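Following: one structure in structure tokens, then a few remarks.
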Amino acid sequence: MTESIKPFAYGVSLAVFLAHLGVAVAAQTAPDLPSGQSVTLKEVLIDTVGQETWIRFRFIAPEIGENKEAITYEEAGADMQLLCDDLAIPYLSEQDLSADVVVISFSQKAVPFGQADPETTQFFDAYRLLDGRCEWEMF
């Protein structure tokens, strides 16, 4: 069963989310991501997969895609790593949550959790938490 964690549901900007965590950030700006793209946090979900707790941070990333000018999966990978280290870990600590796996996902537009949309590019990366850092895990 997947549940959404409040108050970080639909439409919370990354800057507002980080400010809530006490991360020093201007109200209208998100931290610089390595790719230069802007993302918006859509929701945070807790999910059980087998015997593990997965916490999913779902972002809208309109600049990703397959066209020539779009941010590629390779470029977005560094963004996802940064968000896992600098957003997910502090969030888990503040909310007193533990996770076996943290998933960072980017979607060009809002797509309901668990649904595919052939017209929408979506990227996903999973991480194990090791020594206070996110360690990328191949699916």
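The values are calculated or read from the model by the stated rules, or taken from the named source; none is laboratory data. Note that the structure is predicted; figures quoted are calculated from it, not measured. Please note: Cβ atoms are built from the backbone with ideal geometry, for glycine as well, and neighbour counts cover all protein chains shown. Accessible surface areas use protein heavy atoms only, side chains included; no ligands, DNA or RNA. Shrake-Rupley method; radii C 1.70, N 1.55, O 1.52, S 1.80 Å.
Before moving on, here are some points about what is shown:
- For the range 24-139, the solvent-accessible area with a 1.4 angstrom probe is 54 square angstrom per residue.
- The phi torsions of the range 106-119, fed into the Karplus equation with coefficients 6.51, -1.76 and 1.60 and a -60° offset, translate into couplings of 10, 9, 4, 8, 5, 10, x, 3, x, 10, 9, 9, x, 8 Hz, rounded to whole numbers, with Gly and Pro shown as x.
- Backbone phi angles across the range 87-101, fed through the Karplus curve with coefficients 6.51, -1.76 and 1.60 (θ = phi - 60°), yield HN-Hα couplings of 10, 5, 4, x, 4, 4, 5, 5, 8, 6, 10, 10, 9, 7, 9 Hz in residue order; Gly and Pro are listed as x.
- Leading residue at positive end of dipole, the range 70-139 (Cβ point charges), from W136, P118, C84: P118
- With every protein chain in place, the range 57-139: carbon and sulfur % of accessible area (1.4 Å): 51
- The range 86-139: C-alpha gyration tensor shape, a/c 1.5 cut-off, then a/b vs b/c: prolate
- Rounded to the nearest 20, the Cβ-based charge dipole of the range 29-139 about its Cα centre (Lys and Arg +1, Asp and Glu -1) stands at 240 debye.
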